[in-house]
1. Would you please give the residues with an amide H less than 5 Å from that of Gln126, counting only those at least 5 places away or on a separate chain, with H modeled from the backbone geometry?
2. Kirkwood hydrodynamic radius, computed over distinct alpha-carbon pairs, for region 139-200: how many Å, to one decimal?
3. In terms of Cα to Cα distance under 27 Å, which lysines are near enough to Lys58, apart from those fewer than 8 places away along the same chain?
4. Mind checking the dipole of region 79-192: about its Cα centre, +1 per Lys or Arg Cβ, -1 per Asp or Glu Cβ, Debye to the nearest 20?
5. To the nearest 20 Debye, how big is the dipole of the chain about its Cα centre, given +1 on the beta carbon of each Lys and Arg and -1 on that of each Asp and Glu?
6. I'd like the GluC sites (Glu not before Pro) in region 11-102 restricted to DSSP loop residues with at most 16 other Cβ atoms within 10 Å, sorted by number.
7. Please name which of Leu221, Tyr198, Val183 has its Cα lying farthest along the dipole of region 165-249 towards the positive end, using unit charges on Cβ (Lys, Arg +1; Asp, Glu -1) and the Cα centre as origin.
8. What are the GluC sites (Glu not before Pro) within region 91-159 that DSSP puts in a loop, where the Cβ has at most 10 other Cβ atoms within 10 Å?
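Please treat every number below as a calculation from the coordinates, not as lab data. If you're wondering where the values come from, they're calculated on a predicted model, not measured in any experiment. Cβ atoms come from the backbone with ideal geometry, glycine included; neighbour counts cover every protein chain shown.
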Amino acid sequence: MAETLEAYLAEGGKLTSPVHAPPRYRGELMRWMASFVDSELAGAAGFADLINAAPGLKARIAAARIVLEKTDHAERVLKLMGDFGADEARYAVHRPWAARGAREAELGPRRQGGDMRLSVFHYPLQGWTDAVTFNVLMGEAVGVQLEEYARVSYTPLAETLRAIAPRERRHAELGREGLRAIVSDEAGRAEAMASVAYWRPRVAESFGLEGSGRFEGLQRLGLRHRRNEDLLNDWRRRVDAVLADLKLA
């Protein structure tokens, strides 16, 4: 039997409430949940501005659905943060989620101040094709990352992410359907290829630094299982397959 809570977690143990969470565990878990919530809110806000740019009602409905469900996902995880003491009402409105930086910026994987969204959500979308292309590439990244974090040792978060995952997979499917329509003519294909070239390296940065020195500590707490570079390589394989299918590779 494990002698310490950390040993218990390292052996695959689970926590079901914040009560016994040690300070480092609490801090790391809150950090990841804040990043998820900020990224979902920022992603929804950025996509909302382009709903009316969608070519037709079906595409507008799909875009609106993505915005609605991403906002709902943020709320679900924010409720878990509330269990740890976060002010849920203030949190949801304390940043301008639609704000973006310069298109030509090179932000790398680092966070911007106290804003915990992934850096990729600081770049602006430019039109419908750009938004759909981003959704396809980021949708595959979200899929990989949810598979990792749905195994986290904090059971309420793991269960929440497992419930969210099917809807995020559907968002990625909607993106691929939209992109397939876009690349059906040469002008659309050229525009999509330019967006792939822009977004691919920036989405890749959302996996964080390769060889991160924090991994072993997070692994001992049951908060991580696979290294950043392994997740990144998984994403690259998936994206290569998607782009080949769309003849964008």
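1. It is Ala131, by chain and number.
2. 13.3 Å
3. Lys70, Lys247
4. 240 debye
5. 160 debye
6. Counting only loop positions with at most 16 other Cβ atoms within 10 Å, the GluC sites (Glu not before Pro) in region 11-102 are Glu11.
7. Result: Leu221.
8. Here the sparse-neighbourhood loop sites are Glu104, Glu106.
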